[in-house]
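In what follows, a single structure is set out as structure tokens and then discussed.
The values are calculated or read from the model by the stated rules, or taken from the named source; none is laboratory data. The structure displayed is predicted, hence computed values, not measured ones. Note that each Cβ is placed from the backbone with ideal geometry, even for glycine, and that neighbours are counted across all protein chains shown.
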Amino acid sequence: MMAFLTQCRAIVGDEYVLDAPCDTAPFLTDWRGRFTGKALAVLRPGAVEQVAALVRACAAHRVALVPQGGNTGLVLGSVPDASGAQVVLSLTRLNRIRHVDPVNRTMTVDAGCILQQIQEAAAAEGCLFPLSLAAEGSCTIGGNLSTNAGGTAVLRYGNTRELCLGLEVVTPQGDIWSGLRGLRKDNTGYDLRDLFIGAEGTLGIITGAVLKLYPQPKASITALAALPSPAAALQLLVLMQDHCGASLTGFELMSRYCLDLVAQQFPQLPKPFAAPHAQYVLLELSSSESERHAVGLLEQAIGAALERGVVEDAVVASSVAQSAGLWQLREHIPLAQAKAGKNIKHDISLPVSRIADFIAATGPQLEAAFPGCQLVCFGHLGDGNLHYNVAPPAGISNHAFLANQEQVNRVVHDSVMSFGGSISAEHGIGALKRDELARYKSPVELTMMRAIKAALDPLGIMNPGKIL
Ligand SMILES: Cc1cc2nc3c(=O)[nH]c(=O)nc-3n(C[C@H](O)[C@H](O)[C@H](O)COP(=O)(O)OP(=O)(O)OC[C@H]3O[C@@H](n4cnc5c(N)ncnc54)[C@H](O)[C@@H]3O)c2cc1C
């Protein structure tokens, strides 16, 4: 392996081939600290040609590589295994905004750009890049594309896949494919771009992308509605979509348990209602006209929902600043969970129309199997995406409860499949859910996926052990 590392040093320079444990350590542990791998080295190229040359060296020496962006992924996709034989290829030095085209409403970027940097560059041109998630200060657009990240604005703008028009990719052979086309219409055969999006680094390395930009809304205003049940939340979703159309940009469900947890752990945050309610929905409306227009539209729609008895109570923010305060409640749920202890997490999706039935059916099954367990159920209801986390019953230690992970997953994921859902809505498969994928995908689908992997990466050097 000395010859391999010498070749890498010749490509990127000594300082960008890290092999001392103190230098590699920050790249080896996953975001939640659940796993620490080992690496032969961490490679930090600063140009696309360097990425290609490094991949050719890896292929020649049969060294497997793990692409890494911000390392904020939640399924152990961006860290190497325990063998010490893989290299981490960090893309964070590829961080240039290459070009903004305000008329075509596109931006061409390096894959290692931090998401927040892209949002700010779009805003500087009076445009919106709508992908937004809590890790936006650390995650890279290459990682967002490779996991087809969702976030808070999917209802209006779609997942990262829908926000990308073109890609530049280094193939497992070390060739550079430039598909950086800013076209909204292009029917010229197989869509290779869509293969690499969501591939979690198993088919090639994304080095650049053409992203879609949108007009910047003048104001986004939020309301918090209290409801008796998830079924009422679905009624509210339909009502809001009928009243507000594409202006509805967020629709987040939170159970009473979630907001109680936030109130316990963060007592300084606002408590919008005097009495508790079974469910809450945080709604966001964006207006291309003005703050006043957004507030008016939202008040009108919420008024209709109160009149029809869909909503029990509601608070409408009267300004953008107040809206931010209401969002804090939603954003603090994962933080409150982390403070309260461990839980078994699920990132699932369902047809929107089946969500209430799923919640009604799955809770009693878990209660029967694990009496007293607590459900932390919240998520992007408008996208059919729930974070359905199961916390230990009072008096049971985290450690003892986590030993039941396999059985808890079986109850939740079997139920998800019976309602026509997916076991991974946002975070991907990585190494964490690989066995679950093998269990729930049909043999036909798995065979096609393996055929694609073998055709593009016959040596199996691209992030092996992830997804498949
Ligand atoms: C606090 C927090 C909130 C989050 N919220 C959301 C959310 O709302 N919605 C959501 O969808 N996800 C969310 N995530 C997870 C999400 O997947 C990541 O935040 C993000 O998309 C990954 O970007 P990254 O640059 O950190 O990628 P990494 O973690 O570095 O990598 C993720 C995967 O992509 C691969 N990869 C990375 N870069 C490249 C590249 N250039 N080419 C090829 N493969 C590559 C890696 O090998 C790995 O398999 C959240 C994570 C955190 C920590």
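Assorted remarks:
- Residue match in region 418-432 (condition: under 25 Å from Ala360 (Cα atoms), touching a helix residue (DSSP H, G or I) at 6+ places or on another chain (Cβ under 6 Å), among the small types (Gly, Ala, Ser) and in the same structural domain as Ala391 (by TED's automatic domain parsing)): no
- Residue in region 432-448 that is within 16 Å of the ligand (Cβ to nearest atom) and hydrophobic (A, V, I, L, M, F, W, C) present: yes
- Subset of region 202-237 [in a helix (DSSP H, G or I) and either within 16 Å of the ligand (Cβ to nearest atom) or out of contact with any Phe, Trp or Tyr (no Cβ under 6 Å at 6 or more places or on another chain) (or both)]: Pro230, Ala231, Ala232, Ala233, Leu234, Gln235, Leu236
- Residue match in region 37-47 (condition: out of contact with any Asp or Glu (no Cβ under 7 Å at 6 or more places or on another chain) and touching a residue at least 60 places away in the same chain (Cβ under 8 Å)): no
- For region 128-148, the set of residues classified as out of contact with any Ser or Thr (no Cβ under 6 Å at 6 or more places or on another chain) and near the ligand (Cβ under 7 Å from one of its atoms) consists of Leu133, Ala134, Thr140, Gly142, Gly143, Ser146, Thr147, listed by residue number.
- Residue identified as within 30 Å of Ile452 (Cβ to Cβ) and in contact (Cβ under 8 Å) with a residue 40 or more places away in the chain among Ala199, Ala232: Ala199
- From the list Arg56, Arg32, the one residue that fits, being outside any helix (DSSP H, G or I), out of contact with any Phe, Trp or Tyr (no Cβ under 8 Å at 6 or more places or on another chain) and under 25 Å from Ala199 (Cα atoms), is Arg32.
- Test result for Thr29, within 14 Å of the ligand (Cβ to nearest atom) and of a type in the set (S, T, N, Q): yes
- Test: residue in region 9-24 that is free of Cβ contacts under 8 Å to residues at least 40 places away in the same chain, assigned to a loop (DSSP other than H, G, I, E, B) and not aliphatic (A, V, I, L, M): yes
- Residue selected from region 149-164 under the condition over 9 Å from the mean Cα position of the chain (by Cα) and small (Gly, Ala, Ser), by the criterion nearest to the ligand (Cβ to nearest atom): Ala153
- Just so you know, in region 102-116 the residues that are more than 23 Å from Arg32 (Cβ to Cβ) and surrounded by fewer than 18 Cβ atoms within 10 Å (Cβ to Cβ) include one that is farthest from the ligand (Cβ to nearest atom), and it is Val103.
- When Asp186, Asp175, Asp110 are checked against the criterion of being free of Cβ contacts under 8 Å to residues at least 60 places away in the same chain and either polar (S, T, N, Q) or outside the structural domain of Asp30 (by TED's automatic domain parsing) (or both), a single residue qualifies: Asp186.
- Failed item in (1) of a type in the set (A, V, I, L, M); (2) within 12 Å of the ligand (Cβ to nearest atom); (3) in a loop (DSSP other than H, G, I, E, B), with Leu167 passing the rest: (3)
- Counting only helices (runs of 4 or more DSSP H) wholly contained in region 353-468, the ones carrying 1 or more residues that are in contact with a Gly (Cβ under 6 Å, 6 or more places away or on another chain) occupy 398-402.
- Scanning region 111-131 for residues that are charged (D, E, K, R) and not in a helix (DSSP H, G or I) yields a total of 1.
- Considering residues of region 70-82 that are within 16 Å of the ligand (Cβ to nearest atom) and within 25 Å of Met1 (Cβ to Cβ) only, the residue surrounded by the fewest Cβ atoms within 10 Å (Cβ to Cβ): Asp81
- Filtering Glu49, Glu15 for residues that are modelled with pLDDT of 95 or more, under 18 Å from Ile176 (Cβ atoms) and surrounded by fewer than 19 Cβ atoms within 10 Å (Cβ to Cβ) leaves a single hit, Glu49.
- Options Ala199, Ala134, Ala149; residue that is touching an Asp or Glu at 6+ places or on another chain (Cβ under 8 Å), part of a loop (DSSP other than H, G, I, E, B) and crowded, with 24+ Cβ neighbours inside 10 Å: Ala149
- Among the candidates Ser349, Ser288, Ser323, residue that is touching a Pro at 6+ places or on another chain (Cβ under 9 Å) and surrounded by 13 or more Cβ atoms within 10 Å (Cβ to Cβ): Ser288
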